[in-house]
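What follows is a set of notes on a single structure, which appears directly below.
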Amino acid sequence: MMHMHKYEKIWLFFGIGSLFVFLAVLGVGAFAQGTQPPSCLTTIDPEKVDQTPPFDKPGLVKTGDNEYQLNIVASAFAYTPNQVEIPKGAKVTINVATKDVIHGFEMAGTNVNMMVEPGYVSSYTQTFDKVGEYVILCNEYCGAGHHLMTAKVKVVEQ
Amino acid sequence: MMNGTWKVDARDGKLAMAHIYVAFVALALGGLAGLLQVLVRSGKFELPAGISYYTILTTHGVLLGLVLTTFFIIGFQFAAVSRTAGTLSDRVRFWGWVGFWLMTIGTAITAFYILIGEASVLYTFYAPLQAHAGFYIGLTLVVVGSWISGFAMFAHYAKWKKAHPGQVSPLLTFMSVVNMVLWLICSLGVAATVLFQLIPWSLGYVDRINVLVSRTLFWYFGHPLVYFWLLPAYMIWYAIIPKIIGGKMFSDSLARMSFILFLIFSIPVGFHHQLVEPGIDPAWKYLQVVLTFMVVIPSLMTAFSMFATFEMYGRSKGATGLFGWLRKLPWGDARFFAPFIGMLFFIPAGAGGLVNASHQLNQVVHNTIWVTGHFHLTLATTVVLTFFGAAYWLIPHLTGRVMTKAMNRLAIIQTIVWSIGMIFMSSAMHFAGLLGAPRRSAFSTYGDAPQALEWVPYQIAQAVGGTILFIGIILVLIIVTNLAFFAPKGETEFPVAEVAEQAERTPLVFENWTLWIGIAVVLILIAYTVPFIDMIQNAPPGSKGFKLW
């Protein structure tokens, strides 16, 4: 076995030790507390998004007591709808599908941030506790109008 | 220990210099593109003559991320194997030239299609955005050329091993071989998507493309790519810097071990670039996150080794106290100063990298300009300053010149200018990214959204930093041109460090390639087989190509 300097052993012991503590924290967060990154496995025909529910009627839908679905269609270079009002405290499952190329779906100032890829539905559930206006923007390059692709969400008092 | 010649053979030097010329031309043009980008992004400047921001952005990424790096690395490694394992045979040198010309012609073809606006797809060329087939064909030639050069280096190494049975190979040659093995294994992924998906699709032989498979093959390549950039910087740190400061290497075996760990752990990790995308089960994402973090181990070993070398040297010169050795380091020598500053920048760069690869935290920064700030610390500071530092002795060594005191002073100023520019630009990028500002986007206020207006001051700071960095590029081009064509004739050393007396003998196990490549392949299969089959079995209908620019 290779010899290591005593100081290097100490350095690596604490370094690798804290690495494993860190990975355990991530793992507990992901598997015990359910904080996983958006990883929806539902597929969709990218050429039939407009005919496929729920994207045939995009917008905010109430699904339960204080629970909502926000279904959004992404295409170059717009989101449909591009203005949404959400009641404060609502738990919203956001579903996004694209009709053409890859887009991003980022709601600045929140944890909503996901890739939207042709053939897949992207989904993430977020509770909106703060009143205010949030900008949604495309953060994956999609063509000449990429930086103009945007929408607005207003969180309002119930 | 010292095998081979002290001076790189003139014919090998020519081969290495050809690569280095292309690399610095790419730096000049790519740097200019970068300057234009930060100016546009400040909101105070618009590109003339209808030039698209995204054409400039594609140019910047391809020239600096792919051309500057690959050419400098292969040129440097040809010089390093020639210096440490002996003059290249005529056959190896011939194939080196074949590789060089394929890469150069491929670069020219790709650049042509970018500049005529047929390939504004950025350097990640994500389908279903569809560039002209010539863009993909040019890139294929670059990769095939690099493979040929890699095999030329393998052949040179094999010849050395045959002539020295039972001996440990020279460290720089070993490290070059590790880097080219890493490159070969990872570039198979990008070659697969380009040859079997993108080229037939862009030529119209097939209508549709599986987007997620293409992205996954790209990122199987995309992360080890950054280690392909980083390992040559580590070669310079481990095997050359100790000699420049007048010290010895801390340990030859630990250096080899860290390279083997990079070979094993830098490939089965591409999902950490795909953490927020649909179609991949989060459990597989987490597995690759864990594997990603294993490279922390060789990074910690490297940090220890470097500072141990510096401290041992300082103490051997009579330094006392806890940090007295710092004062003994040759701060006035640009060959040391530039890479050392690069090392310092690697500390925040690495910390930011931990954030990016964290299973959940990634969501906060994904595709924001934070990420751009991150890799302008890793690649555009740590790696690039180390390459600049190496150019300051490598170019005069190969051209038979010496660096004057004035040029050395200019190189110190260059390093300081670069640091100041990067502190402005990268910090502004990190902060704006945390507030949500996206990467890879032209200037926009998103319909005067209050949030987007908050990002503008940071974007102006980026422009200030980027402008300072452009001055840094002009300075390094002056130095490089001087060293290549105008510096006084003379002999410059190609420094290669010796191992400290107390270090142990290096075991031969590090050159058991079947073992290490075998482990790498097993880990790749574990990390990718099931999710990849899933992607194909549960594939949605494919995508037609789009040209949206």
Among A:Thr43, B:Gln462, B:Leu230, the residue whose Cα sits farthest towards the positive end of the charge dipole of the protein assembly as shown, when +1 is placed on the Cβ of each Lys and Arg and -1 on the Cβ of each Asp and Glu, is B:Leu230
Cα gyration tensor, the stretch A:46-156 - rounded (a/c under 1.5), prolate or oblate:
oblate
Residue separation times 0.36 nm, minus the C-alpha to C-alpha distance between B:Asp534 and B:Thr404: what's the value?
40.8 nm
Relative to the present Cα-Cα distance, how much length would full extension add between B:Gln167 and B:Ala283 at 0.36 nm per residue of separation?
37.3 nm
The stretch A:124-140 and the stretch A:64-78: distance between their alpha carbon centers, rounded to Å
11 Å
Only Lys, Arg, Asp and Glu count, each charged at its Cβ (+1, +1, -1, -1), so figure out the dipole size of chain B about its Cα centre, rounded to 20 debye.
1000 debye
Given a cut-off of 20 Å, name the pairs among A:Lys130/A:Lys152; A:Lys6/B:Lys317; B:Lys243/B:Lys317 whose C-alpha atoms lie farther apart than that in the structure shown.
A:Lys6/B:Lys317
Normalised by the residues of the stretch A:50-158, what does the relative contact order come to in percent, with Cα pairs under 8 Å and at least six apart?
28 percent
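Take every Cα pair under 8 Å in chain B that's 6+ residues apart, average their separations, divide by the length, and report that relative contact order as a whole percent. Numbers along the way, then the final one.
On the way: 869 pairs, mean separation 107.2, N = 549.
With pairs under 8 Å counted, the relative contact order is 20 percent.
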Using the Karplus curve 6.51 cos²θ - 1.76 cosθ + 1.60 with θ = phi - 60°, what ³J(HN,Hα) values do you get for each residue of the stretch A:88-99, in whole Hz, with x for Gly and Pro?
4, x, 6, 9, 10, 8, 9, 10, 10, 9, 10, 8
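Given a Förster distance of 45 Å, report the FRET efficiency between A:Thr80 and B:Ile517 from their Cβ-Cβ distance, rounded to the nearest 0.05. Please report the intermediate quantities before stating the final value.
On the way: r = 50 Å, r/R0 = 1.11.
Calculated transfer efficiency: 0.35.
Order by neighbour count: B:Arg315, B:Arg440, fewest other Cβ atoms within 10 Å first, most last.
Working: B:Arg315 14, B:Arg440 24.
Starting with the residue having the fewest Cβ neighbours, the order is B:Arg315, B:Arg440.
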Under a Cβ-only charge scheme (Lys and Arg +1, Asp and Glu -1), can you give me the dipole magnitude of the stretch A:46-156 about the Cα centre, in debye to the nearest 20?
260 debye
FRET efficiency for B:Lys544 and B:Leu322 from the Cβ-Cβ distance with R0 = 41 Å, rounded to 0.05, comes out at 0.05
Ranked list, fewest to most other Cβ atoms within 10 Å of each Cβ, for A:Lys6, B:Lys161, B:Lys328, A:Lys154
A:Lys6, A:Lys154, B:Lys161, B:Lys328
Helix A:6-27: inclination vs chain A longest Cα principal axis, degrees, rounded to 10, gives 30 degrees
Distance in nm between label sites at B:Leu434 and B:Leu525, each 7 Å beyond Cα in the beta-carbon direction?
4.5 nm
At B:Ser89 and A:Val28, where each label point lies 7 Å from the Cα along Cα→Cβ, what is the point-to-point distance in nanometres?
5.9 nm
Based on Cβ point charges of +1 for Lys and Arg and -1 for Asp and Glu, what charge dipole magnitude is obtained for the protein assembly as shown about its Cα centre, in debye rounded to the nearest 20?
1980 debye
Taking 0.36 nm per residue of separation between B:Phe151 and B:Val98 and subtracting their Cα-Cα distance, the length gained on full extension comes to 17.9 nm
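Values quoted throughout were computed directly from the atomic coordinates according to the rules given, and no laboratory measurement underlies them. Small disclaimer: the values here were computed from a predicted structure and weren't measured. Cβ: placed from backbone, ideal geometry, glycine included. Neighbour counts: every protein chain shown.
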